[in-house]
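Step one of this worksheet: look at the structure below.
Quick note: the coordinates plus some simple rules give every number you see, no bench work behind them. Worth saying up front: this structure is predicted, and the values here are computed from it rather than measured. Using ideal geometry, Cβ is built from the backbone for each residue, glycine included, and neighbour counts are taken over all protein chains shown.
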Number of protein chains: 2
Amino acid sequence: MQTELSKRLGVEHAIFGFTPFPAVAAAISRAGGFGVLGAVRYTAPDDLKRDLDWVHAHTDGKPYGLDVVMPAQKVEAKGNQTLSEADVEAMIPAGHREFVRATLAKHGVPELPEGEASGWRITGWMEQVARSQLDVAFDYPIKLLANALGSPPADVIERAHAHDILVAALAGSARHARKHADAGIDIVVAQGYEAGGHTGEIASMVLTPDAVEAVAPLPVLAAGGIGSGEQIAAALALGAQGVWTGSIWLTTTEADLHSRKLTEKLLAATSSDTVRSRALTGKPARQLRTEWTDAWEDPAGPGTLPMPLQGLLVAEAVSRIQKYEVEALLGTPVGQIVGRMNAERSVRGVFDELTRGFERAIDRVNRIAGR
Amino acid sequence: MQTELSKRLGVEHAIFGFTPFPAVAAAISRAGGFGVLGAVRYTAPDDLKRDLDWVHAHTDGKPYGLDVVMPAQKVEAKGNQTLSEADVEAMIPAGHREFVRATLAKHGVPELPEGEASGWRITGWMEQVARSQLDVAFDYPIKLLANALGSPPADVIERAHAHDILVAALAGSARHARKHADAGIDIVVAQGYEAGGHTGEIASMVLTPDAVEAVAPLPVLAAGGIGSGEQIAAALALGAQGVWTGSIWLTTTEADLHSRKLTEKLLAATSSDTVRSRALTGKPARQLRTEWTDAWEDPAGPGTLPMPLQGLLVAEAVSRIQKYEVEALLGTPVGQIVGRMNAERSVRGVFDELTRGFERAIDRVNRIAGR
């Protein structure tokens, strides 16, 4: 499965795998794909350094990349000064805090033990945190730097290019893709409506060729709805130079969701069991539908706050829900392909099924085309 | 482009084209596809008869089909008696009528001339109307009968099969597709989120293989997001036995939208310019986003009524908006591929571009697969 882009990056298959888990990222690269470690979970640069060390030691010299989150719109006080997390916390209305407290109480979610900080932090969404991650990342021979929100700042693109790193950015529309191209990025990840995490309204079937046309000759990776080899073949038929996968790796044996119940929920979910909700970050992100997302959609509630306020507001709550595995509220970002994630398998097992399914799909369309 | 289904129906290409326009349906069949005439616009059986006569005379003996709309849930009074249009009209709250009146007044939409009935009627959505259409249709050698809402009643399926007519039904989820299969239909049209008209939440990239797996060995047609040969190749890679297209024919020279301004709006729209709204029928249907759809989404408004009340409520308003071509309010059901409908072309021109694009996409995936 070779495209210009996969050749340029030196990978066997044009399958990019985004994951928050170092063991999964490394295994994807070892299997012949391109593993991309998501950095949003890391608040301390040293933690990221430790995990990049691990990935580097376990990829057998195969290429890998890093995904950071730098919001296009910064939260700034008047006069452009940088805001601390505490400044941003202070912007959260008391009514919203009370709604979080009451929703957790209704479901009997225990408090975190005295002195235990929230493990799930949203600070990775803030530019200053992303920049400290980049200071670490540029010490590693990463081949790709992706930004999940907006175009990266010009100086970051320059710095990446100086290190021979390709820069990718996620786009939800042709207009958005063109903006990235104008900013000087190298790869557009066209993130369809069906994708897990932040998505726009346009489905991959329409968005992929839209983005390809909008930024040609820049390469486009199709994201959203890609969990089988047939879907890879479809994305490549639409003009993509590869696929950007994410959800499919969440239920691999190498993944560590820290919750057996969450893994079971993912394995049981159908493609109708996700929702595009602002509950987690303040921007629409597809995730498992739970009583937590329902509460934020309830017209009787206060509704969500804009990014990054919503993320800060719910960070501790999400930690508590995860720690105590409160089933009704337990969720995670995941795409509509969750319906096909029905068994735990190794990364290698999933990867091999992707490439086999791709070959089957090519056989199929060739038969139909009479070739 | 030959699948088992296209062979069974005797068409050259597995491209099904749904259209309210007899001239378009006939031209699709003549071009080597399968034209399907939408019957929802017809209130008088004689009008349908006249247009089916025309289609039959203009298909050069090629096969064609008919699409009717029989809602899965009937509006019934207590005791199961059949309701007339007047009975249903009486269920509409006065506040909703006032909202329609005020919205039209705000945009200066003139009244219809004295004695001119609303041309756009919603009665085609009611089962008794659909049944009178079927009485006409069974006199023609149609090869396919599609139902746009739910499974057709058992007696209709039986009657179709007695006439050697295949029965198709639209589905928005695997569960929905299985229900149709259990009801005895022959073909599932998997209608993705990106489609024009009534759609569910699941995008074609995920829904198509979901439906294929759910009803195998029954054939699935992919609908939603199909407006190019590349998208056809993608749908077939996903396991579909053909594609069900609709929007793409709206801006052909054979189409008659009765409004130059509407055609211009469609040609100018991008894939971001549609919305899935209940404004037209009471069920979520994708259409051009307009100030009319915005008004129904406005939390300050009364919101929409359930099907078929909403359709009856807005029927006259839609006629007035169309007759006077009130630009801000003028819309039509259309899918996200409206972004690629940028020039008026003949049905034959569009069709040939679909088959050429399909061949290009097959070339492309074969190159990537190293074949």
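The table below lists the values:
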{"read-out": "Whether region A:3-77 is rounded, prolate or oblate, judged on the alpha carbon gyration tensor where a/c under 1.5 counts as rounded", "value": "oblate"}
{"read-out": "Sorted largest first, extent of region B:301-360 alpha carbons per principal axis (Å)", "value": "49, 26, 18"}
{"read-out": "Estimated dipole of chain B in Debye, rounded to 20 [Cβ of Lys and Arg +1, of Asp and Glu -1, Cα centre]", "value": "780 debye"}
{"read-out": "Copies compared at residue A:217 - label distances in nm, ascending, label defined 7 Å from Cα in the Cβ direction", "value": "4.7"}
{"read-out": "Burial ranking of peptide ranges A:45-54, B:182-191 (average Cβ count within 10 Å, highest at the top)", "value": "B:182-191, A:45-54"}
{"read-out": "Amide H contacts of residue B:335 (H built 1.01 Å from N, under 5 Å, at least 5 apart or other chain)", "value": "B:196, B:247"}
{"read-out": "Alpha-carbon spread of chain A, three principal axes, descending order, Å", "value": "64, 46, 39"}
{"read-out": "D (Stokes-Einstein, µm²/s), Kirkwood Cα radius, region B:181-230, 1.306 mPa s at 10 °C", "value": "142 µm²/s"}
{"read-out": "For region B:336-353, 3J(HN,Hα) per residue [Karplus equation, 6.51 cos²θ - 1.76 cosθ + 1.60, θ = phi - 60°, Hz, x = Gly/Pro]", "value": "5, 6, 3, x, 9, 8, 10, 8, 6, 9, 6, 4, 4, x, 5, 4, 5, 5"}
{"read-out": "Label point 7 Å beyond Cα along the C-beta direction, distances from residue A:101 to other copies (nm, shortest first)", "value": "4.9"}
{"read-out": "Under Karplus coefficients 6.51, -1.76 and 1.60, residue-wise ³J(HN,Hα) of region B:89-100 in Hz, glycine/proline x", "value": "3, 5, 7, 7, x, 4, x, 5, 4, 5, 5, 4"}
{"read-out": "Span from the region A:250-292 Cα centroid across to the region A:162-193 one, whole angstrom", "value": "26 Å"}
{"read-out": "Per-peptide average of other Cβ atoms within 10 Å, ordering A:145-154, A:159-168 highest first", "value": "A:145-154, A:159-168"}
{"read-out": "For residue B:202, distant residues with modelled amide H under 5 Å away", "value": "B:193"}
{"read-out": "Inter-copy separations for residue B:84, label at 7 Å along Cα-Cβ, nm, ascending", "value": "7.6"}
{"read-out": "5 angstrom amide H check on residue B:242, placed H, neighbours 5+ away", "value": "B:222"}
{"read-out": "Dipole axis of chain B (+1 Lys, Arg; -1 Asp, Glu on Cβ), positive-most option in B:358, B:331, B:39", "value": "B:358"}
{"read-out": "Where the Cα pairs of region B:11-54 fall when distances are cut into 5 Å bins, in %", "value": "6, 26, 29, 20, 12, 6, 1"}
{"read-out": "Average beta carbon contacts from partner chains per residue of B:237-244, 10 Å cutoff", "value": "5"}
{"read-out": "For chain B, share of DSSP beta bridges that run antiparallel, in % to the nearest 5", "value": "20 percent"}
{"read-out": "Averaged over A:222-230, number of beta-carbon atoms from partner chains that fall within 10 Å", "value": "4"}
{"read-out": "Size of electric dipole in the protein assembly as shown: Cβ of Lys, Arg +1 and of Asp, Glu -1, about Cα centre, debye, nearest 20", "value": "860 debye"}
{"read-out": "The protein assembly as shown - Debye-derived log10 I(q)/I(0), Cα point model, q = 0.11 Å⁻¹", "value": "-1.20"}
{"read-out": "Unit charges at the beta carbon, dipole of region A:180-333: most positive-side option, A:207, A:268, A:191", "value": "A:268"}
{"read-out": "At q = 0.19, 0.21, 0.22 Å⁻¹, base-10 log of I(q)/I(0) for region B:231-371 (Debye sum, equal scatterers on each alpha carbon)", "value": "-1.13, -1.27, -1.34"}
{"read-out": "Relative contact order (percent, whole number), chain A, Cα cutoff 8 Å, 6+ residue spacing", "value": "18 percent"}
{"read-out": "Whole-Å distance, taken between Cα centres, linking region A:310-336 and region A:205-244", "value": "31 Å"}
{"read-out": "DSSP-defined beta bridges in the protein assembly as shown - what % are antiparallel, rounded to 5", "value": "20 percent"}
